[in-house]
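K.L.:
Here it is, the structure in full.
The values are calculated or read from the model by the stated rules, or taken from the named source; none is laboratory data. The structure displayed is predicted, hence computed values, not measured ones. Every residue, glycine as well, gets a Cβ built from its backbone with ideal geometry; the counts of neighbours run over all protein chains shown.
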Amino acid sequence: MTRYVMVIDQRRCIGCHSCTVACRTWNKLPLDIVYNPVLSEGAQGEWPNVHKYWTPMLCQHCANPECVPCCPTGASQQDADGTVWVDPKKCMSCKVCVNACPYGMRDASHIESRLHRFVRKCTFCRDAREMDPSAQPYCVKTCHQKARIFGDLDDPNSEVSKIIGSVRTERLFEELGTEPQIYYIPDLGGKA
Amino acid sequence: MEISKTSTGLKDIVCPDTESTEVDIHAEGVEVVKSLCYFCHANCGVLAYVKDGDVIKIEGDPNYSNQGGLCCRGTSALLHVNHPARVNHALKRVGEKGEGKWEQIPYDQAIQEVADKLNQIKAESGAEAVASAGGTTRTDDFARRRFLNQFGTPNGFHNALLCWIPTFMAETCVAGWSPFETDLGAAKCLIMWGFNPGASTLPGNRGYLDLQKAGLKVIVVDPRYSESASKADLWLPLRPGTDAALALAMLHTIIYEFMYDFEFVDQWCDGFDELRDHVAEYTPEWASEITWLEPELIRTAARMYATNKPGCIQWGCTWDQIGRASTTGSHALALIRAVCGNLDVPGGDGMPGPAINYLTDEELELNELLPEEMKAKQIGSNKFKLTSWPGYQLISDNAKRTWGKTLPSEWFCEAHGPSVFKAIITGDPYQVRALICNATNPINSYGDAKMTIEALKKVEFLVVVDYWMTPTALFADYIFPAAGALERPIIVTHYGATDSVMGGRRAIQPKYDRHDDFTFWRKLGLACGQDPANWQWETIEDAYYEIIKPLGLPVTCWDDFVEYFRMYYPPLHQNKFKHGGFWTPSRKVECNSTILRELGYVGMPTYVGCCENEIDTPEIAEEYPIVLTTGGGFMPYHHSEHFNMPGIRFLYPDPYFSINPVLAEKLGIAYGDWCWLETRRGRIKMRANVEAEVHPNVVFAPRGWWFPERDGSADLDNPFGCLESNVNVLTSVDDWDCDPMGGSWANRGLMCKVYKCTELDHDFTAKDAVWSIPGSSNIPGVTVMPSDQHLDREKIPFEKPQPDFEVPEGYYWVWQDNNLYQKGTHFRLDASGWLINPRTKGYHDAYTGWRYDGNGNCLVDDATGKKYTMEREEIVEICGVRCYPGAEAAPYEFPANLTWDVELGYARLGDKPYIYDPNSGWMFDPATCAYHDANYGYMYDGSQGCLVDLESGKRYSMSYEPMD
Amino acid sequence: MKHHYWEPPIALYLFLGGLAGGIMFLSAIFDSFVIPGHTDIFALPVLIAFIAICIGLVFLLVDLGQPGVFWRVFRTAKSIIKWGAVFLVIDTIVSMLFIVAFLGDSLTFMAPLSNLIKPIASPMLLVGGFFGLCIMMYTGIMLSTLKAHVFWATPALPVLFTVSAISTGCAAIVLSIGGWPAVVSLESLEAAAEVNHILHTVDIVLVVAEIIILLTMVLSFLGAGNITAKKAAKRWVCGSYAPLFWGGMVFAGLLIPLALYVAGSGVASAVVAPVLVLCGGCLLRFLVVNTDDRAPLPGEERYMGRIATHKNAFVKRWNYDGENEF
């Protein structure tokens, strides 16, 4: 079996937004849709003892997604490899999945023609992988800092398996039981 | 950007058609072109997928330094090529200036009209009345200088003075070249000083992170908790603009805590004792008050750098943007590297020198065509001498004496940009009538934007070459469309300051009527009547091929070089100084620089505060109590670019300045509030980013802001909103605020006040756009003429030592090393009476200049390839065999069956035309250079290992046995 | 939070759905169990329910991005929304048929059809009442399953919505009982008065219950440990929603009608109070739908506060499909 996951190394991310722009460019997203924002609370602490880190976001491709069972038309679905995606042909954009997602990683555009809006979300670049099975998602490919690592968790030799098995990773809102599949290596600061 | 198709019909409504947006790069007919990104200096590798003459997709080149990575800007290249607001045709102004009415005319017609006007101005006011402004290095700069030199004007300029050039010159004064390259793989410590690769050179940043993980100590000096600071081992959050004090204090600490490299200093540093005494007063305690850093922190940094050897200091733009204190800081830093022995050593700062193996930019500039009297007319060269002709001449001549090649005059020898703008307004020192802006929008990128925009409005003839209708282009008489990334080949030679070269191909021919900059300058040059022989290359690819031809690679055109080599790195040469010394006039690291002294400056870094600070100018600090720093790069923009790329702009639509929460609370400012930032020169508005990334008394304002979505012509006081959020309204270009050596103007460490926009005081009005010289928010107009503006430092008269002997004709004497050099070639006249070529270390004949060839014990004229004897008689060689025509007897022995031919000068076998070679004992056929034996004249057949009698066709073994 | 994903049409749809459900539910109860035999008096209330459902559905469709795909709801999924849609459609049909049964009274050409259906009007209403209850519960349950939003994900919400829906249904019936299209007999009018009387009492109970549930819910959130819930509740109790919550919903929408019902006479009790109840119910849906607070990711609010929206001028300034400018 294949289980796609992503590891995000926050120790390497510098908040350059390259992933955001690469994603929107190659997935041809409308302007107001951002699949993978790079969030930061800014420098925290009291000057000069401050620290800043970035949290690159994307759909968490949960093992137990909130957004799939709630979909009334079957547009929101999950592949066997864990990829959660929305079939634009089937989506009527009722936005119940948008409201169901605890991570806010889905939305429909406000720019597109009024009668052809559908819910969009990160697909781990499903289209690109369909064309070329070895393709990496654009956000991973474009990352100068190699802060995003994509791979198959079911393959014990994959880089992601090795990292998740050996480095302390965190997941977002794990307590909700969604079993998110994006693993973060936190940047805890504290340099010499 | 394609937004989903509008579809019709019932079927589309109930089953919408939303096909995959994926582009198939493996489809038939798709070609991969190795290109380079062109949106910042990092020039990442890009693979462009081209189908039917159009790029369908790009991606980062995994086999390039960016390892497949591309940032926001690079990724947007396709959207840039096809952006609907790109300038695509030559535009001629038909309305009033700034009215925004244009007529599209053919490119060549526009070129001719511009050329005629330039020639007319030249005839009326002299060539110097034509100036040219540039932006970043991302143009074909050698072509521009080639044009200007042939046209005869010295007034080309860039933002160079804010970006590395003064630093380069100061470093060159100290050690003979700029430590351009760092050998980080072997380094133990790295200082990133005013440098934030996290927002500027992303591939580099990845490298730093990797190396840091492997143990490299990273010290970041930055007043802001930058992206890079967030990953650093040690961060020095100094008060903006006080870099010189910090550098001097670190130098003091290194020297007085005896952490310098004794052996190196002893052997290779000149004037160290003077320096030691000079920096005695610059203690960390002294610097603490200025820099707001604890003395212990300064010591810690100095110790970390000096004891973790070898180490590197990475140059940062800040060094050149502090105004009058700029070069002092970079000078001190150059000395820190030197006294720690980190120059030209493994793991230290590299000293690559100019490219020896391919043509440097300088060799393409035709500087020799610019008359001396025009050099003297270069605006600003009487003030900021280090970076204009006076300083360049000294440094360049020295480089030719030491390296054998030199740095280009483009960038390193330029007019002082703001002074040119002032000259346009005031006519002082003379009226500049025409300005050609190539790849720059000076309103946003040069200091004192209000004065700059006035100059652009006032200049009689303005030509702009650009991608966009910028605020500058709005006032142009002619606009030429520029080819962008993917539409032009790219060469990366780092201004000609290092010895490596990288290249990228043109993915597609320029669309519409766009042309690369080389073509623009070439066409303009030819239309101006310049000699076609000086514009010998038809295309930029031809010119680039000319550059790399001396590498001797097996390629016949530029595209092949890119395809098969892509880059050239010469073998890493370190410790070069151990054989022949450093590349200064004295051949040592000059702690008390002779070049600086010759130019009238102090030879050692002497502290001066930045132009506005609490200690030197308390009266300013009283009214403007907050320290402002500007100019730092920030993602996702580059300089004033990309504000019209919606996909990028969406992430950062409004300008935000950073303010500490403590200060924000004191001023009643909340996150996102629009606020006024005001200095003595004017005010702008930005939104507040309340964040503890800056000191509670510092604000950081990003550069470049304009609003291309607006109608430029609607408000000519503030076209495209180019003044209202433009930090350059706040910066100063007054001569006393500029660096007296390098001419850098003041971007950092300024004093300002910050207050919230109110209902009644919310809009940027015409009053806020009023210009003045010198910069002032309340006294408009010209109050002090440029010539009357004094510098921060008086020149120190320097009496150049004179030789106590007569210098022979054709030579000149260098006082620092007491040597004679040949004029023109700059070869040193050795005590042996030979000239020495610094590039090859070869000996040349002092009379003819011919090179001595030790193998043949002869002289070689490299220009013609002819050889001469040591008596300067021409050597005749046929098939590599030396002949002695006219010699009565052979100067060597030969077999008895041969005869000496006096006329031809070699031994012959009967009447056969073969030439006897005394070295091998064989004979050569002069027509084919084939071997023939000396007994019978049989030809040697290497494939069979036998001899062939050409007359009979019979074959013989090597012992003359007949063979079947 | 970037923006509200569900906009006013959805709040209106939830309100109108609940209203229709409430009308159907109460009408069925009264017709079948309280005062049987006077089915005709519910013709106008059911007409109102029908109109409410229709408008609600229009609002729902208006909010959809690809309304043409709506049909898939009936084909594929098991989601709550699917069931909601089924309930709504059933009640639309039931209420329409029910009205047709009485249209003949006013429009003679409809009489044959009406007479055909009339005999099954009462059982039909019972079916409609059952699905009306489903609709009311669905509106609340649908929101409460979206556990990303703490303010919705509480069992109190479906209860609150159901009580509010019945209460608004009650008010609507009070306003409309015994009117067109049915031609109502004198006894029926008496029955209507009787129903009206009972409904007054019922609504008093419902309003009191609603106040209790609402305050319990909001105030318990205010004291909750969950930061997001607390923040949302704070907005209701003493923040930007406070005037609407206290003044609009609690005071004007519940307390005043309560007082009027209790004081109980004339126009004030017969017209003003029910209208206020309806407005209060509508306001409740708006406030609840707008309280879609999600636990923010670290830095999310900063990010969303800074990036552009579709309203920024540059967004529509350049069109890649259009003509080049220069």
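K.L.:
All but one of (1) under 15 Å from B:Ser409 (Cβ atoms); (2) surrounded by fewer than 23 Cβ atoms within 10 Å (Cβ to Cβ) hold for B:Asp361; state the number of the condition that does not hold.
P.N.:
(2)
K.L.:
Among the residues of the stretch B:690-702, are any touching a residue at least 60 places away in the same chain (Cβ under 8 Å), farther than 30 Å from B:Gly98 by Cα, within 14 Å of chain C (Cβ to nearest Cβ) and in contact with a Pro (Cβ under 7 Å, 6 or more places away or on another chain)?
P.N.:
Yes, the stretch B:690-702 has at least one match.
K.L.:
Which condition number in (1) in contact (Cβ under 8 Å) with a residue 60 or more places away in the chain; (2) within 13 Å of chain C (Cβ to nearest Cβ) is the one that B:Thr679 fails?
P.N.:
For B:Thr679, the exception is condition (2).
K.L.:
Here is a follow-up. Which number in (1) closer than 18 Å to B:Asn342 by Cβ; (2) surrounded by fewer than 24 Cβ atoms within 10 Å (Cβ to Cβ) marks the one condition that B:Trp292 misses?
P.N.:
Here B:Trp292 meets the rest and fails (1).
K.L.:
Return the only residue of B:Gln431, B:Gln378, B:Gln393 being polar (S, T, N, Q), surrounded by fewer than 24 Cβ atoms within 10 Å (Cβ to Cβ) and under 28 Å from B:Ala543 (Cβ atoms).
P.N.:
That would be B:Gln393, the only listed residue that is polar (S, T, N, Q), surrounded by fewer than 24 Cβ atoms within 10 Å (Cβ to Cβ) and under 28 Å from B:Ala543 (Cβ atoms).
Here is a yes/no grid of residues against (1) in contact (Cβ under 8 Å) with a residue 12 or more places away in the chain; (2) closer than 29 Å to B:Met469 by Cβ; (3) among the hydroxyl-bearing types (Ser, Thr, Tyr):
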| position | (1), (2), (3) |
| --- | --- |
| B:Cys722 | yes, yes, no |
| B:Asn728 | yes, yes, no |
| B:Ser732 | yes, yes, yes |
| B:Asp737 | yes, no, no |
| B:Gln789 | yes, no, no |
| B:Glu794 | no, no, no |
| B:Pro801 | yes, no, no |
| B:Val807 | yes, no, no |
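K.L.:
Another question, then. Can you confirm whether B:Tyr652 is surrounded by fewer than 24 Cβ atoms within 10 Å (Cβ to Cβ), closer than 29 Å to B:Trp193 by Cβ, modelled with pLDDT of 95 or more and aromatic (Phe, Trp, Tyr)?
P.N.:
When the stated conditions are applied, B:Tyr652 does not pass them.
K.L.:
Quick check: anything in the stretch B:360-378 touching a Lys or Arg at 6+ places or on another chain (Cβ under 7 Å), outside any helix (DSSP H, G or I) and within 30 Å of B:Asn575 (Cβ to Cβ)?
P.N.:
yes
K.L.:
Might you check whether a residue that is in a loop (DSSP other than H, G, I, E, B) and within 14 Å of chain C (Cβ to nearest Cβ) occurs anywhere in the stretch A:21-28?
P.N.:
yes
K.L.:
Please work out which one of (1) under 30 Å from A:Lys89 (Cα atoms); (2) in a helix (DSSP H, G or I); (3) in contact with a Lys or Arg (Cβ under 9 Å, 6 or more places away or on another chain) is the condition C:Thr76 fails and give its number.
P.N.:
Result: C:Thr76 passes all but (2).
K.L.:
Given the conditions (1) crowded, with 16+ Cβ neighbours inside 10 Å; (2) at pLDDT 90 or above; (3) not aromatic (Phe, Trp, Tyr), report the number of the one that C:Thr228 does not fulfil.
P.N.:
(2)
K.L.:
Of all residues in the stretch C:269-311, which are in contact with a strand residue (DSSP E or B) (Cβ under 9 Å, 6 or more places away or on another chain), more than 10 Å from chain A (Cβ to nearest Cβ) and surrounded by fewer than 20 Cβ atoms within 10 Å (Cβ to Cβ)?
P.N.:
Residue satisfying the conditions is C:Arg306 alone.
K.L.:
For the stretch B:586-602, which positions are under 14 Å from B:Met169 (Cβ atoms), in a loop (DSSP other than H, G, I, E, B) and not hydroxyl-bearing (Ser, Thr, Tyr)?
P.N.:
The one that is under 14 Å from B:Met169 (Cβ atoms), in a loop (DSSP other than H, G, I, E, B) and not hydroxyl-bearing (Ser, Thr, Tyr): B:Leu599.
K.L.:
Of all residues in the stretch B:30-47, which are away from every other protein chain (no Cβ under 14 Å) and at pLDDT 90 or above?
P.N.:
If the condition is that a residue be away from every other protein chain (no Cβ under 14 Å) and at pLDDT 90 or above, then B:Glu31, B:Val32, B:Val33, B:Lys34, B:Ser35, B:Leu36, B:Tyr38 are the ones that fit.
K.L.:
Is there any pair with a first residue in the stretch B:344-371 that is within 13 Å of B:Ile547 (Cα to Cα) and a second that is surrounded by fewer than 21 Cβ atoms within 10 Å (Cβ to Cβ) and of a type in the set (A, V, I, L, M) whose Cβ atoms are under 8 Å apart and which are 6 or more apart or on different chains, and what are they?
P.N.:
That search, which allows pairs on different chains as well, returns B:Asn357/B:Leu551; B:Tyr358/B:Leu551.
K.L.:
Separate question: Taking the condition of being more than 14 Å from chain C (Cβ to nearest Cβ) and surrounded by fewer than 21 Cβ atoms within 10 Å (Cβ to Cβ), how many residues in the stretch A:5-20 meet it?
P.N.:
Count: 1.
K.L.:
With respect to the numbered conditions (1) crowded, with 18+ Cβ neighbours inside 10 Å; (2) on the phi > 0 side of the Ramachandran plot, which one is the sole condition not fulfilled by B:Gly886?
P.N.:
All conditions are met except number (1).
K.L.:
Exactly one of (1) within 23 Å of the chain's Cα centre (by Cα); (2) within 25 Å of B:Lys122 (Cβ to Cβ) is unmet by B:Lys549. Its number?
P.N.:
(2)
K.L.:
Given (1) charged (D, E, K, R); (2) within 14 Å of chain C (Cβ to nearest Cβ); (3) buried (at least 24 other Cβ atoms within 10 Å of the Cβ), where does B:Arg748 come up short, assuming only one miss?
P.N.:
Only one criterion is unmet by B:Arg748, namely (2).
K.L.:
Now for a different question. Against the definition (free of Cβ contacts under 8 Å to residues at least 24 places away in the same chain, surrounded by fewer than 18 Cβ atoms within 10 Å (Cβ to Cβ) and either farther than 19 Å from B:Phe480 by Cα or more than 14 Å from chain C (Cβ to nearest Cβ) (or both)), how does B:Thr21 come out, yes or no?
P.N.:
yes
K.L.:
Of the numbered conditions (1) over 22 Å from C:His4 (Cα atoms); (2) assigned to a helix (DSSP H, G or I); (3) facing chain A (nearest Cβ under 9 Å), C:Ile120 satisfies every one except a single condition; which is it?
P.N.:
Condition (3) is where C:Ile120 drops out.
K.L.:
Looking at C:Leu44, C:Leu14, which is the one that is touching a residue at least 60 places away in the same chain (Cβ under 8 Å) and within 14 Å of chain A (Cβ to nearest Cβ)?
P.N.:
Exactly one of C:Leu44, C:Leu14 is touching a residue at least 60 places away in the same chain (Cβ under 8 Å) and within 14 Å of chain A (Cβ to nearest Cβ), namely C:Leu14.
K.L.:
Within the stretch A:55-69, take every residue that is within 11 Å of chain C (Cβ to nearest Cβ) and of a type in the set (A, V, I, L, M) and give me the one that is surrounded by the fewest Cβ atoms within 10 Å (Cβ to Cβ).
P.N.:
That would be A:Val68.
K.L.:
Right, here's the next one. All but one of (1) at pLDDT below 90; (2) over 17 Å from the mean Cα position of the chain (by Cα) hold for C:Leu175; state the number of the condition that does not hold.
P.N.:
(2)
K.L.:
Only one residue in B:Leu91, B:Leu79 is within 12 Å of another protein chain (Cβ to nearest Cβ), surrounded by fewer than 24 Cβ atoms within 10 Å (Cβ to Cβ) and not in a loop (DSSP other than H, G, I, E, B), so which one is that?
P.N.:
After ruling out the rest, the residue left standing is B:Leu79.
K.L.:
Just to be sure before I move on: is B:Glu612 charged (D, E, K, R), buried (at least 17 other Cβ atoms within 10 Å of the Cβ) and free of Cβ contacts under 8 Å to residues at least 60 places away in the same chain in the structure I sent?
P.N.:
So B:Glu612 fails the test.
K.L.:
Now, a different point. List the number of the failed condition for B:Asp108; all other conditions in (1) outside any loop (DSSP other than H, G, I, E, B); (2) within 14 Å of chain C (Cβ to nearest Cβ) hold.
P.N.:
(2)
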